[in-house]
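See below for the structure under consideration.
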Amino acid sequence: MQIELLGPLRVLADDGTEVAVPGTRLRRLLAELALRAGHPVSTGLLEDLLWTEEAPSGPGALQSLVSRLRRTLGDGATVAAGPAGYALRGVDVDVPQVEAGFARGRALLREGRSAQAEQTLTAALGRWRGPLAEIAGTPDAVRLEEARLEALADRARARLSLGELDGLAAELDELARAHPLREGFAELRVRVLTAAGRAGEALAAYEHTRKVLADELGADPSAPLRAAHLEALAGGPGPGSGRAGVAPAALTSFVGRDGDVARVRELLRSARCVTLVGPGGAGKTRLSTEVAALLGGVVNVVPLAPVAEGADVLGALAAVVGARDTGREKRPLRADLDQRSRVLSALGGPPTLLVLDNCEHVVDAVAHLAEDLLHACPGLTVLATSREGLGIEGEVLHPLGPLRGEAAVELFADRARAVSPGFSAEGAQRDVVERIVARLDGLPLALELAAARLRTMSPDDLLERLSDRFRVLTGGRRTAVARHRTLRAVVDWSWDLLEPDERTLLQRLSVFHAPVQVEAAAALAPDLGDEVTVADLLGSLVEKSLVQLRPGTPARYGVLETIREYGAERLAASGELEKALEARSDWALGVVERASAGLRGSAQASWSQRLDAESEDLLAALRHLVASARPADALRLAIPVATWWTALGRHAPAQEWLATARSGGPSGGPADLVAEGIELVNSVMDGRAQWEATRGRMEELRAGLLAVPAAERNAMTVLLSMFLERLTDEARGDVVHLADDPQVQRFLAVAPHDPWIDALVHLMCAAGAENLGDAEGMARYAALAAEGFGALGESWGRAGALRFRAQHLLYTGDLDGAERTYRLAADLVSAFGNVDDEVQLRMRLVDVLQRRGLLEEATAELDRMGVVAGTTSATTRTWLVLTQVGLLRATGRLDEAHAVVREQLADLSRRPTSAIWGHERAGLLTAWAHVQLATGRLEEAAATVRESVEFALGTFDMPIVSLAAVAAARWSLLAGEPARSARLLGVAANLRGADDRSEPDVARTRADLERHLAAEVVEAAHAAARDLPRSAALAALRAAVGLRDDERGTP
């Protein structure tokens, strides 16, 4: 199937018949997938592209649109779904074919094969059928239009070279009028008019463009346009201008640097000295050649790599420019002038671009010479490449880093095809290629060297051997300079230019895997000086492109993997590796110790972010402590970090850290029990634990923690034992109010005063009160917790307290207050990147919006959460589904609601911890019962209500049981039992500890009840049940659904 995007969308089946694609949004979806044919496009990106002014109509809107597209395309193409998004396969798209034609035409033009270039470009341009209707206004449309204009300019250059001038001036006149600020068309128009003997018109055309540039941009014409003007003044091209000094033709394709080319060309319009700076092998030389070729005009390229001494730089420059004539009479350069004067004479004529390539080893000499030349030659522009800037007046730097993403993959694949025809980076190879590219930092030279190895090994073999990259990545081009023939030679060149202290610091930095602050670098180099001295050394390494600055507060400094591995080799050879690893471990312990205190106050968010930034190196330090047989220090490092991540819901990394710390053997103290206990808690929370075995071990750990001698107890041992007690007691039903727990009372009586611990205990009491259906106790303890955390400036605990306060406001009907409080709590947790907590708070916000009747706003909020749903825990995803089902029910989409609930129940049954408490199953069954009731399936609903009550009772969580009670009330009403329904609404209020009359199912059932019973009768039945003792209320619920007292326990 052929898809044509370069004009109105056209889809052709294999037999040539056109396939109709109805609907603007469907056509846009096809266009976006076709632009990236063969590659997955994320659902988030597609939704942003397709719904630019309004949110999708629901979570399934995109999926529905994709289904329509599949039906439209039939068997001619495949729209495949995967974890990374949707991918269109089995199609030929005109865009890459035309772009390849443009690239081939440009390559032919550079090789001097103008006739073939003109034919190739004309054929490619002929496939452009008109405006890009389906992708108008997008970055892709801008990119393609830019490529078309460049191709038009290239074709004009080819025709000018061939002398095919008929109609060319008119074509360029039209293009110049349509794009008055595009100097390339103006330059070509001036040259064509001059070549056609119409010098007067050429001068007029130049003057018009000069005036437009001055009026619109306040800028002067570029060097190529000025050179064309000089030709027109002279009546034609002279020996000192034009093609005699063009940049060397490239022999390979140029991949992934279009943005850099555009940026450098833009800089050269306003700056007279631009330096491309970047690490060795980043492609600085190739970029400079590409830019010079596009600019046209007089170009002199001076390769400085072979120059050994700064004193020889001027001679190298003279050798390049002295080989050329100057002036229209072809006068040789005067031998009686000194070398500098001859160079100035050669460069003092028409506008000239001087490319000074590879300056870093003679940077001082180049800097002085370049500044001298720029002052003496007003028409001169300098483009330099170096691993550090020249540091001269007027210089503008263009940093050139590694290639990223698709561009790096494309370069690797392109070079691989040169040695292994038929190589493809798609399909099964894709993952391996992406991993190779990532291991090599996207460094172009490293990618090219790696691709060359595919002559003799498979991509899988290459990836495996990259652990010894410096031995593998050899065998570059024989014609390349020596330092570009192997990866080691590239880094050797840069290393040899460093000062001794710079080398020492860089090799020690190799023990860090992630960017670090100055403090971390200084911890490894006390012998080099204080932090100020180390900061200066880091700055110098940044200037020399061996360390990358990551701006921020504070700034961080990172090292490319290739440089890191080279430094690691040097560090090992120096005999200082173990000393550096020990210093890193001491640094890590210090960071965690300070973080433990910082996480309890106003700097909590910044310390949380710092732990995230440092996590890779903290984990490496942890592993070294384990390997060094320091189990107590390993636990001292792991427990505070894992505890914080447990609070943030990051259960998998918390388990990894604790398992790593414990793998080094016991420390012989209470920390062993604490580490195992927190690890087990996380295994339960993320749904991976086998519950019966886990619960038994938790009870043993709790007993061990209670037996810890008083002198060795701390807040962690006591709080963890309390938490384990709550988990295991809830599973048995032996639940008491946390504030009345004797262990809590003993702890508070003897514990040293710690405002954060006090606030945390109040927060735990609020959570316990909520579970027991004590709404007033929940509000009271939440207020105390919020006050305590607020006084400390702490955000995480305050957000938790606000969640309970908002819940109480919701119960009392203060929807405005509840919305404000939920939003505040969600904003507080967002600083931690804590997706689970934020999603759970915003789910409750959706509930508030739904209660207020703001269904569109609620749907939009839910859709925003759906984007990050895949990163949340399994439990959070269940509650997110329940929120979605509530909105589907509110908008009448009952079939969708039914399907979503069934799918989530099936997913839940596959999780090993799904039977621990039954909270999620009870909630899903309750929602399912409401859907059945709304669709008239009363008999099915009766069984589902009974099952939901049974599971809810097993949770010993009164708000969960109250949800099931409301479903039972709804079922009773529809079954013709309004009096029982009214009592069950009162039972639900009894269990949650509040009426909560704005809850949609409560409000709906109560309103329907009052059509069957007088309002005062309903209120009396409701009040009588609400005021029952708790045991009687539970007994009434069990009786209403036909459960015996011994079924699912008695809370």
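Quick notes on this structure:
- In the set (1) modelled with pLDDT under 85; (2) under 19 Å from Gly283 (Cα atoms); (3) not basic (Lys, Arg), the condition left unmet by Gly427 is number (2).
Table: residues versus (1) touching a helix residue (DSSP H, G or I) at 6+ places or on another chain (Cβ under 9 Å); (2) surrounded by fewer than 18 Cβ atoms within 10 Å (Cβ to Cβ); (3) closer than 26 Å to Gly349 by Cα; (4) outside the structural domain of Pro459 (by TED's automatic domain parsing).
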| position | (1), (2), (3), (4) |
| --- | --- |
| Ala365 | yes, no, yes, yes |
| Leu369 | yes, no, yes, yes |
| Ala376 | yes, yes, yes, yes |
| Thr381 | yes, no, yes, yes |
| Phe423 | yes, no, no, no |
| Gln429 | yes, yes, no, no |
| Val432 | yes, yes, no, no |
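- Filtered by the rule that a residue be within 41 Å of the chain's Cα centre (by Cα), of a type in the set (A, V, I, L, M, F, W, C) and either crowded, with 23+ Cβ neighbours inside 10 Å or within 17 Å of Val1041 (Cα to Cα) (or both), region 916-941 gives Ala922, Leu924, Leu925, Ala927, Trp928, Ala929, Val931.
- Total residues in region 127-181 satisfying the condition of being closer than 30 Å to Arg27 by Cα, assigned to a helix (DSSP H, G or I) and not aliphatic (A, V, I, L, M): the figure is 8.
- Exactly one residue among Ala874, Ala858, Ala831 is more than 26 Å from the chain's Cα centre (by Cα) and on the phi < 0 side of the Ramachandran plot, and that residue is Ala858.
- Pair list, Cβ < 9 Å and 6+ apart or interchain, from region 623-643 residues that are in a loop (DSSP other than H, G, I, E, B) to residues that are of a type in the set (A, V, I, L, M) and surrounded by fewer than 24 Cβ atoms within 10 Å (Cβ to Cβ): Ser628/Leu581
- Neighbours by Cβ (under 6 Å, 6+ apart or cross-chain): first from region 369-394, on the phi < 0 side of the Ramachandran plot and modelled with pLDDT of 90 or more; second assigned to a helix (DSSP H, G or I) and of a type in the set (Lys, Arg): Thr385/Lys284
- Among residues of region 395-412, those that are out of contact with any Gly (no Cβ under 6 Å at 6 or more places or on another chain), surrounded by fewer than 22 Cβ atoms within 10 Å (Cβ to Cβ) and without any contact (Cβ under 8 Å) to a residue 40 or more places away in the chain, counted: 1
- Unmet criterion (only one of (1) under 21 Å from Pro139 (Cα atoms); (2) among the aliphatic types (A, V, I, L, M); (3) out of contact with any Asp or Glu (no Cβ under 7 Å at 6 or more places or on another chain)) for Leu6: (3)
- Checked against (1) touching a residue at least 40 places away in the same chain (Cβ under 8 Å); (2) closer than 27 Å to Ala147 by Cα; (3) assigned to a loop (DSSP other than H, G, I, E, B), Pro56 passes all but condition (2).
- Of all residues in region 549-570, those that are closer than 18 Å to Ala282 by Cβ have Cβ atoms under 8 Å from Cβ atoms of residues that are among the acidic types (Asp, Glu), 6 or more apart or on another chain, in Leu560/Asp441; Glu561/Asp441; Thr562/Asp441.
- For first residues located in region 895-916 and at pLDDT below 85, partners that are loosely packed, with under 15 Cβ neighbours inside 10 Å and lie 6+ apart or on another chain with Cβ distances below 6 Å form the pairs Pro912/Gln690.
- Verdict on Ala652 being surrounded by fewer than 18 Cβ atoms within 10 Å (Cβ to Cβ) and part of a loop (DSSP other than H, G, I, E, B): no
- Those residues of region 249-298 which are modelled with pLDDT of 85 or more, of a type in the set (Val, Ile, Thr) and surrounded by fewer than 18 Cβ atoms within 10 Å (Cβ to Cβ), in sequence order: Val261
- All positions within region 39-86 that are among the hydroxyl-bearing types (Ser, Thr, Tyr) and either over 24 Å from Arg10 (Cα atoms) or at pLDDT 80 or above (or both): Ser42, Thr43, Ser57, Ser64, Ser67, Thr72, Thr78, Tyr86
- From Ala1021, Ala965, residue being buried (at least 21 other Cβ atoms within 10 Å of the Cβ), outside any loop (DSSP other than H, G, I, E, B) and modelled with pLDDT of 95 or more: Ala965
- Taken as a whole, the condition of being under 17 Å from Thr883 (Cα atoms), hydrophobic (A, V, I, L, M, F, W, C) and surrounded by fewer than 24 Cβ atoms within 10 Å (Cβ to Cβ) applies to Val1002.
The values are calculated or read from the model by the stated rules, or taken from the named source; none is laboratory data. Since the structure is predicted, the reported quantities are computational estimates derived from the model, not experimental observations. Counting neighbours? That spans all protein chains shown, and the Cβs are built from the backbone with ideal geometry, glycine included.
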